[in-house]
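What follows is a set of notes on a single structure, which appears directly below.
Rule-based calculations on the coordinates, nothing more; no lab input. Just so you know, these numbers come straight off a predicted model, no measurement behind them. Backbone-built Cβ (ideal geometry, glycine too); neighbour counts: all protein chains shown.
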Amino acid sequence: MNTTYRKLIAKQLNQDFKSAVELVEVPLSKPTSNQLLIQNKYAGVNGGFDTLLCRGDVPYVNLIPPFDLGVEAVGEVVAIGEDVKDVQIGDAVITTTRGGGYREYQVVDANLALKVRQATPELLTLMPTGVSALVALEQVGEMKSNEVVLVTAAAGGTGHIAVQLAKLAGNHVVGTCSSQAKANLLRELGCDRIINYRTENLNQILKQEYPNGINLIFDCVGKQVFDTCVENLAVRGRLVVVGFISEYAKDIEQITQLRIYHQLFWKAASVRGFLMPHYKEYMPEARDRLLNLFYNGKLQVAVDSTQFQGIESIPDAVQYLLTGQNTGKVVVRF
């Protein structure tokens, strides 16, 4: 058994993830009576959140460096405390604790680990990424059936789950993406209209093909895409802000235009922000439902095929995600 392990920490706040982080080796601690020691096998990469954390731009967590990084991880239990009942050594578990992802081992309270069938990277797409998509669509977006739903960055980790959930609910789904490979994935997932914004004009297409507007928009991109979305909302349309990846790696853009109520008021439309920590109570049910959909073959999970191996590959994985090259969830293997 190892006596030390490696993890990635933010050693200082910096605009750039790579400059903020450092790889450190630390002693491996034993689990206390109600804890587990988990050897991480795969960790999910959240490039946007990681970058915002390292800049000190996440208002609900006030972290002072050095602090741990990474969120979702799936691994194997290698040691248990004497009071742990429902978990055994060798069990596969998933954890979604902030700071628990970008490390080779982690010690957590047994109630924070969820037992799963096996430690596969696919599960990292479901939690917390897929859970976010489900809760954002249903609770914030008030998703119905027979509506037009637009998902931006539709081939990303969150987007491709949102597309499928909107389809399963019986909607007409429009997805935006930036490459042929991404368009192919979206076709496979049953997306009704795929818009490659590098070769087509999003605003023009929405106006021509959806003159009555879009009922529900799931936006992860922000900037110009957000403006276009607001402009194309239907009467009583809902736009859910799930993120704004276009601004994560850059300076925030200052804009001067009419206040947003001029766009919303006449359509009785709304723009709503979604952040998982504010919707915690919906997580357990959403998690169970997603796992069922996945295990019953009703939900496909896309894991990006680019191999990122080991802790030292994480900064590259973050950069890769921020530049929009990924199709599906970006995962690091340990």
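Packing, as the average of other Cβ atoms within 10 Å across residues, places the peptides 271-278, 140-147 in the order 140-147, 271-278, highest first. Here the simple spin-label model places points 7 Å from the Cα toward Cβ, and for Ser270 and Ile89 these points are separated by 5.3 nm. Rounded to the nearest Hz, the phi-derived 3J(HN,Hα) couplings of segment 284-298 under the Karplus curve 6.51 cos²θ - 1.76 cosθ + 1.60 (θ = phi - 60°) are x, 5, 5, 4, 4, 5, 5, 4, 4, 4, 5, 5, 8, x, 8, where x marks glycine and proline. Using Cα centres only, tell me the gap between segment 63-128 and segment 129-199 in whole Å. Answer, in whole Å: 29. Answer rounded, prolate or oblate for segment 121-200, using the Cα gyration tensor with square roots of eigenvalues a ≥ b ≥ c: rounded when a/c is under 1.5, else prolate when a/b is larger than b/c, else oblate. Oblate shape, in that a/c is at least 1.5 and b/c is the bigger or equal ratio.
Evaluated at q = 0.10, 0.11 Å⁻¹, the base-10 log of the normalised Debye intensity for the chain, with identical point scatterers placed on the Cα atoms, takes the values -0.59, -0.71.
Express as a percent, rounded to the nearest 5, the fraction of DSSP beta bridges in the chain (both residues included) that run antiparallel. If we restrict to bridges inside the chain, about 60 percent are antiparallel. When peptides 128-139, 109-120 are ranked by their average number of other Cβ atoms within 10 Å per residue, the highest-first order is 128-139, 109-120. The C-alpha atoms of segment 126-277 occupy a region whose extents along the principal axes are 39, 37, 35 Å, arranged from largest to smallest. Sum up the charges of everything whose Cβ sits under 12 Å from the Cβ of Thr4, counting Lys and Arg as +1 and Asp and Glu as -1, but leave Thr4 out. So the environment of Thr4 carries a net charge of +1.
In a simple Cβ point-charge model (Lys, Arg +1; Asp, Glu -1; nothing else charged), segment 267-334 has a dipole of about 340 debye relative to its Cα centre. Peptides 229-237, 70-78, 207-215 ranked from most to least packed, by the mean per-residue count of other Cβ atoms within 10 Å: 70-78, 229-237, 207-215. Pairs exceeding a 23 Å alpha-carbon distance, out of Lys250/Lys280; Lys167/Lys223; Lys30/Lys85; Lys85/Lys329: Lys250/Lys280; Lys167/Lys223; Lys85/Lys329.
Using 0.36 nm per residue of separation minus the Cα-Cα distance, give me the extension gain between Gln118 and Glu138 in nm, one decimal.
Extra length from Gln118 to Glu138 when fully extended: 4.4 nm.
If a/c stays under 1.5 just call it rounded; otherwise compare a/b with b/c (prolate if a/b is bigger, oblate if not). Do that for segment 193-282, with a ≥ b ≥ c from the square roots of the Cα gyration tensor eigenvalues. Judged from the Cα gyration tensor, segment 193-282 comes out rounded (a/c under 1.5).
Note on Arg289 and Gln180: the extension gain reaches 36.1 nm, defined as 0.36 nm multiplied by sequence separation minus the Cα-Cα distance. Over the Cα atoms of segment 211-334, each weighted equally, I'd like the Debye log10 I(q)/I(0) at q = 0.11, 0.12, 0.16 Å⁻¹, rounded to two decimals. Debye intensities relative to I(0), on a log10 scale: -0.57, -0.68, -1.07.
Let's test the formula: R0 of 25 Å, r as the Cβ-Cβ distance of Glu231 and Val61. What FRET efficiency results, to the nearest 0.05?
Computed FRET efficiency for Glu231 and Val61 comes out at 0.15.
Between His262 and Ser305, the contour length at 0.36 nm per residue exceeds the alpha carbon distance by 11.1 nm.
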